[in-house]
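Undergrad: Pasting a structure here, questions to come.
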Amino acid sequence: MDLNARTRVWRGGKLDRENFPAAQISDYLAEPDTVVWLDLCEPDEGGLELISQEFGLDPLAIEDALSQHERPKLDRYEGHLFFNAYDVRLSEETGELATHEISAFVTERALVTVRGDEEFDLDALLRQWDSSADLAGYGVAYLLHGLIDLIVDGHFAAVQALDGAIDDLEERLFGDEAPTRETQHRGFRLRKSLTKLRRVVLPMREVVNTLLRRDLHVVPDPMTPYFQDVYDHVLRATEWTESLRDVVTSLQETRIALQGNHLNQVMKKLTGWAAVIAVPTAVTGFYGQNVPFPGYDKQWGFVVSLAILIATAVALYTIFKKRDWL
């Protein structure tokens, strides 16, 4: 269990020790005025079973922590809460969104985080806690606020990056040249990433709103403004995500319309040039008949036919150009 475990303990609102063996958690919890944090990365079922016995966790919550691709949520069990969310990162180069699942068991004096992989920036979480050490006296609420705030900030950064990528895509679509295959692929990837982001951002509104409920007794009154600030960030990220969804839909429709207009322009020009070529072809076909005609076998007859070809071609070109058919 200690193989991928990181630990911290706060005593009287002050950081007392970190990276101690997880087996000592019981000793610290037996002391008054202590709060413990335990982090597990990719634990197996046996490791979580020991944690379950240590903290009295519900088997259903343990099952959710081991399962992948759970939706963001906050479940209430007897004696503890189970929290699940996703840290997200957008690759500006490819436009693809990477998600990293993180779960947490919230007890009265302990927070147990369970990461599905090493990609979640645990050092950033520790810096988040250290930067607001004056709030450590509020115990688990302080730890939970730092975790959720870091996750929501990641959501907000991803939405902002998506907004910039969509603006860049818009400039490409409205450029002078027709949209390339790479532009179309990037648009598809951005739309896919936005859909993926929307699935992890929208449920966070319900999660944070539930934490603010007084009947849970998780957030003390002095910490309420901090959680309310996180809730405001969640709302802004949600609204921004929804607006980007409308923008991407409009860009998709615009791309299809631009492709149709470009095709119409090409067909119009091809049809116009075909008409310009068709009349001279008809004239030459007429003079190519094996029957006598005015000027047959005469030099002036060839000159007349050539003049007719040039005159008709120039006339058709002028007419089509004037009507914007070419």
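The values are calculated or read from the model by the stated rules, or taken from the named source; none is laboratory data. Since we're looking at a predicted model, the values are computed, not measured. Because the Cβ atoms are built from the backbone with ideal geometry, glycine has one as well, and the counts that use them run over all protein chains shown. Quick note on the areas: whole protein, heavy atoms, side chains included, nothing else; ligands and nucleic acids left out. Shrake-Rupley method; radii C 1.70, N 1.55, O 1.52, S 1.80 Å.
Undergrad: Can you name the residue in segment 286-300 that is open to solvent by 100 Å² or more (accessible area, probe 1.4 Å) and either at pLDDT 75 or above or on the phi < 0 side of the Ramachandran plot (or both) and is also nearest to the chain's Cα centre (by Cα) among such residues?
TA: The extreme case among them is Phe286.
Undergrad: Among Ser193, Ser91, Ser103, which is the only one that is hydroxyl-bearing (Ser, Thr, Tyr) and under 30 Å from Glu49 (Cα atoms)?
TA: One residue alone meets the criteria, Ser103.
Undergrad: Let me ask something else. Quick check on segment 301-326: of everything there that is more than 60 Å from the chain's Cα centre (by Cα) and at pLDDT below 75, which residue is surrounded by the most Cβ atoms within 10 Å (Cβ to Cβ)?
TA: Selected residue: Gly301.
Undergrad: With respect to Arg199, is the statement that it is farther than 24 Å from Arg71 by Cα and part of a helix (DSSP H, G or I) true?
TA: No, not satisfied.
Undergrad: So, Thr113, is that one open to solvent by less than 70 Å² (accessible area, probe 1.4 Å), modelled with pLDDT of 90 or more and not in a helix (DSSP H, G or I) or not?
TA: Yes: the conditions hold for Thr113.
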